[in-house]
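The values are calculated or read from the model by the stated rules, or taken from the named source; none is laboratory data. Computed from a predicted structure; not experimentally measured. Here the Cβ is made from the backbone with ideal geometry for all residues, glycine too, and neighbour counts use every protein chain on show.
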Amino acid sequence: MAELTVRLADYASPADARAVVDLLDAYARDPAGGSEALGEYARTHLVAELAARPQAYSILAFDGDQPVGLVNCIEGFSTFKCRPLVNVHDVAVLASHRGRGVARLMLLEAEAVALQRGAVKMTLEVLSGNTSALALYRRLGYAGYQLDPAMGTAEFMQKWIGPAQ
């Protein structure tokens, strides 16, 4: 492995834009991402839509000049703290580079950006069978969310609405 670097993606850069789309597509094709390639709409519009949202940012990892990892983050808002929070929406590392600390470095960079934005916490969701990701997230300080232990931990749920693209 050449020198590993991580940095904030520049959505205006054609090379970064291509890296964001290609890495997210690789993740989407992986079993952890659903085993289905990105649709043409997402491939065509993703970077422009991210760039249009000031609350979005992406972290890229490079092995030399080769893009090998991506973290997409979306800023939200903590009503209880009245401050921003950041949701880590995607963590993608090419299969060839897993187990080398790429995700850890990208998540640390994502956290640094979140702190610069004044965020009070970071959130993420992970499939229960993705044990290596769970272990990493726990090592980095992520834990199940609860307000009162008697009420249990939060569950991540989804409901699709609107047309699929």
If you take the residues in the stretch 48-67 that are over 16 Å from the mean Cα position of the chain (by Cα) and in a strand (DSSP E or B), which one is nearest to Val21 (Cα to Cα)? Gln66
Can you tell me which residue in the stretch 71-102 is surrounded by the fewest Cβ atoms within 10 Å (Cβ to Cβ), limited to those that are in contact (Cβ under 8 Å) with a residue 60 or more places away in the chain and of a type in the set (Gly, Ala, Ser)? Ala95
Of all residues in the stretch 1-27, how many are β-branched (Val, Ile, Thr) and under 21 Å from Leu38 (Cα atoms)? 2
Of residues in the stretch 122-137 being assigned to a loop (DSSP other than H, G, I, E, B) and without any contact (Cβ under 8 Å) to a residue 60 or more places away in the chain, the one surrounded by the fewest Cβ atoms within 10 Å (Cβ to Cβ): Ser128
Given (1) crowded, with 16+ Cβ neighbours inside 10 Å; (2) at positive phi, Ser35 misses just (1)
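So, Leu70, is that one assigned to a strand (DSSP E or B) and either at pLDDT 95 or above or over 15 Å from Asp90 (Cα atoms) (or both) or not?
yes
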Please list, ordered by first then second residue, the pairs with beta carbon atoms under 9 Å, 6 or more apart or interchain, first in the stretch 16-30 and free of Cβ contacts under 8 Å to residues at least 60 places away in the same chain and within 12 Å of Thr44 (Cα to Cα), second β-branched (Val, Ile, Thr) and buried (at least 22 other Cβ atoms within 10 Å of the Cβ). Ala17/Val47; Arg18/Val47; Val20/Val47; Val21/Val47
For residues that are modelled with pLDDT under 95 and over 10 Å from the mean Cα position of the chain (by Cα), scanning just the stretch 102-127, find the one that is nearest to Leu4 (Cα to Cα). Val126
Do you know which residues across the stretch 54-70 are buried (at least 24 other Cβ atoms within 10 Å of the Cβ) and among the polar types (S, T, N, Q)? Ser58
